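Trainee: Structure in structure tokens, see below.
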Amino acid sequence: AVLSADRSTLATTGNLNNHIGVPLTLLRLTEEHRIAIIEMGANKVGDIAELTAIAEPTHGMITNIGKAHLEGFGSYEGVITAKTEMYGFINQHEGTLFVNMDDALLMAKSNGSKRVTYGRDTEADCFGEVVGNGPFLELIFGGTDGLPYHVRTALIGSYNLYNALTAVAIAQHFGVPDQRIAEALTAYAPNNNRSQFTDTGKNHLILDAYNANPTSMVAALENFAAMNSDRPKLAILGDMRELGEVSEAEHKAIIALVERHELEARFVGPEFKAVQRNAYATSAELIAELQARPVRGRLLLIKGSRGIKLETVVPEL
């Protein structure tokens, strides 16, 4: 959104980030495009290496390395190996990496690379900080002109700071004026069930049901627990899929985190059902419960893997 506010930009749409989606995205390239942002996903080691060979990127960025798709990768170490395959291609072709300076793992894996850093530390090439404690992310980032820029975004959660700083760092690297960057961040409206805030007239919803893994679930819950709100909070949490043999332990850990923060919660999906007898096996079961006992006047966090279809619960809220 930030780059496209300044120049013709092609970007991946939806979840076209695999060996079919990446070529389809590249086929949309025209002479008018100045920049192409190609999202690459992986379910196993080797996927990113294959996709970088197809797309031949000149710049690269890994948002983070979370505990996702562990079933396919075999372990967290497998996730690390797979995701950093992109670093190998970029380094081999003398490209540039954008790296979160506050992420020790990514800094170590990119050591010796040509890189642009971003983070909370003023020593980063692009630095910024969260300000305020409201539900929406507010930040200040350092401009290339030496001035601070204050931005109030429509993104829910302080954990989105690094997503915002990634956009700032990349835009600054390509010469987008700081004021235009700030305006684009302010105007950006999240969609596709990602960090969306909705006032339904019945409740306030934080809808983050695009996907979920243990890392993102913990971040969302920690942020939700810390939010100031005059409304009672309720978390509706769906299964985190494709975790393989660690699934039971990871779902138990999320339940323990909810209890530690003394949050009221509804758990949905067969994985949660296996470890929490009061959980709902499907979203349809929860919908029936909400129809019988409506929820009103709450602040709700709704997060889970796409396969659980938690977005279907929203009309009842």
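The values are calculated or read from the model by the stated rules, or taken from the named source; none is laboratory data. All figures in this text were calculated on a predicted structure; none of them were measured in a lab. Please note: Cβ atoms are built from the backbone with ideal geometry, for glycine as well, and neighbour counts cover all protein chains shown.
Trainee: Kindly evaluate ILE181 against the criterion of being of a type in the set (A, V, I, L, M) and touching a strand residue (DSSP E or B) at 6+ places or on another chain (Cβ under 6 Å).
Mentor: Considered against the rule, which asks whether it is of a type in the set (A, V, I, L, M) and touching a strand residue (DSSP E or B) at 6+ places or on another chain (Cβ under 6 Å), ILE181 comes out as no.
Trainee: Write out, first by first residue and then by second, each pair whose Cβ atoms fall under 7 Å of each other, whose residues are 6+ apart or on separate chains, and whose first residue, in the stretch 167-190, is in contact (Cβ under 8 Å) with a residue 12 or more places away in the chain and over 16 Å from ILE37 (Cβ atoms) while the second is surrounded by fewer than 20 Cβ atoms within 10 Å (Cβ to Cβ) and among the basic types (Lys, Arg).
Mentor: Matching pairs, first to second residue: THR186/ARG152.
Trainee: Name the single residue that is nearest to the chain's Cα centre (by Cα) among those in the stretch 190-223 being over 19 Å from ARG298 (Cβ atoms), small (Gly, Ala, Ser) and not in a loop (DSSP other than H, G, I, E, B).
Mentor: Ranking the candidates gives SER216 first.
Trainee: Return the residues of the stretch 90-102 that are in contact with a Lys or Arg (Cβ under 9 Å, 6 or more places away or on another chain) and not hydrophobic (A, V, I, L, M, F, W, C); say none if nothing qualifies.
Mentor: Within the stretch 90-102, ASN91, GLU94, GLY95, THR96, ASP102 qualify.
Trainee: Go through the stretch 171-187 residue by residue and tally those that are among the β-branched types (Val, Ile, Thr) and more than 22 Å from HIS59 (Cα to Cα).
Mentor: Narrowing the stretch 171-187 to residues among the β-branched types (Val, Ile, Thr): 176, 181, 186.
Checking which are more than 22 Å from HIS59 (Cα to Cα) leaves us with 186.
Total meeting the criteria: 1.
Trainee: State which residue pairs qualify: first residue without any contact (Cβ under 8 Å) to a residue 12 or more places away in the chain and inside the stretch 46-63, second residue among the basic types (Lys, Arg) in any location, beta carbons under 9 Å apart, and separation of 6 or more residues or different chains.
Mentor: none
Trainee: Oh, and also: State all residues of the stretch 224-233 that are part of a helix (DSSP H, G or I), surrounded by fewer than 19 Cβ atoms within 10 Å (Cβ to Cβ) and in contact (Cβ under 8 Å) with a residue 60 or more places away in the chain; if no residue qualifies, say none.
Mentor: Residue satisfying the conditions is ALA226 alone.
Trainee: Being under 26 Å from the mean Cα position of the chain (by Cα) and on the phi > 0 side of the Ramachandran plot is the filter here, so list the residues in the stretch 263-303 that pass it.
Mentor: Correct list: GLY269 only.
Trainee: Just checking, does the stretch 141-163 include any residue being at positive phi and either in contact with a His (Cβ under 9 Å, 6 or more places away or on another chain) or surrounded by 15 or more Cβ atoms within 10 Å (Cβ to Cβ) (or both)?
Mentor: So the first thing to find is which residues in the stretch 141-163 are at positive phi, and the list is 146, 157.
Filter once more, so that each one left must be either in contact with a His (Cβ under 9 Å, 6 or more places away or on another chain) or surrounded by 15 or more Cβ atoms within 10 Å (Cβ to Cβ) (or both): 157.
Checking the stretch 141-163: at least one residue is at positive phi and either in contact with a His (Cβ under 9 Å, 6 or more places away or on another chain) or surrounded by 15 or more Cβ atoms within 10 Å (Cβ to Cβ) (or both).
Trainee: Just for the stretch 118-132: of the residues that are assigned to a strand (DSSP E or B), out of contact with any Lys or Arg (no Cβ under 6 Å at 6 or more places or on another chain) and not aliphatic (A, V, I, L, M), which one is surrounded by the most Cβ atoms within 10 Å (Cβ to Cβ)?
Mentor: First, the residues of the stretch 118-132 that are assigned to a strand (DSSP E or B): 118-119, 126-130.
So of that shortlist, the ones also out of contact with any Lys or Arg (no Cβ under 6 Å at 6 or more places or on another chain) come out as 118-119, 126-128, 130.
From what's left, not aliphatic (A, V, I, L, M): 118-119, 126-128.
Values: TYR118: 29, GLY119: 22, CYS126: 23, PHE127: 20, GLY128: 23.
Across the stretch 118-132, the extreme among qualifying residues is TYR118.
Trainee: What number of residues in the stretch 185-218 are within 14 Å of LEU137 (Cα to Cα), out of contact with any strand residue (DSSP E or B) (no Cβ under 7 Å at 6 or more places or on another chain) and surrounded by 18 or more Cβ atoms within 10 Å (Cβ to Cβ)?
Mentor: 0
Trainee: Regarding ARG296, is this residue over 16 Å from TYR159 (Cβ atoms), part of a loop (DSSP other than H, G, I, E, B), modelled with pLDDT under 95 and of a type in the set (D, E, K, R)? Even if it seems obvious, please write down each step before you answer.
Mentor: Working: over 16 Å from TYR159 (Cβ atoms): yes; part of a loop (DSSP other than H, G, I, E, B): yes; modelled with pLDDT under 95: no; of a type in the set (D, E, K, R): yes.
No.
Trainee: Looking at ILE236, ILE255, ILE302, can you tell me which residue is part of a helix (DSSP H, G or I) and either in contact with a Lys or Arg (Cβ under 6 Å, 6 or more places away or on another chain) or not polar (S, T, N, Q) (or both)?
Mentor: Working: ILE236 fails: part of a helix (DSSP H, G or I); ILE302 fails: part of a helix (DSSP H, G or I).
It is ILE255.
Trainee: Sticking with this structure for a sec: Evaluate the following for ASP121: is it modelled with pLDDT under 95, farther than 20 Å from ASN223 by Cβ and out of contact with any Leu (no Cβ under 9 Å at 6 or more places or on another chain)?
Mentor: Values: modelled with pLDDT under 95: yes; farther than 20 Å from ASN223 by Cβ: yes; out of contact with any Leu (no Cβ under 9 Å at 6 or more places or on another chain): yes.
Yes: the conditions hold for ASP121.
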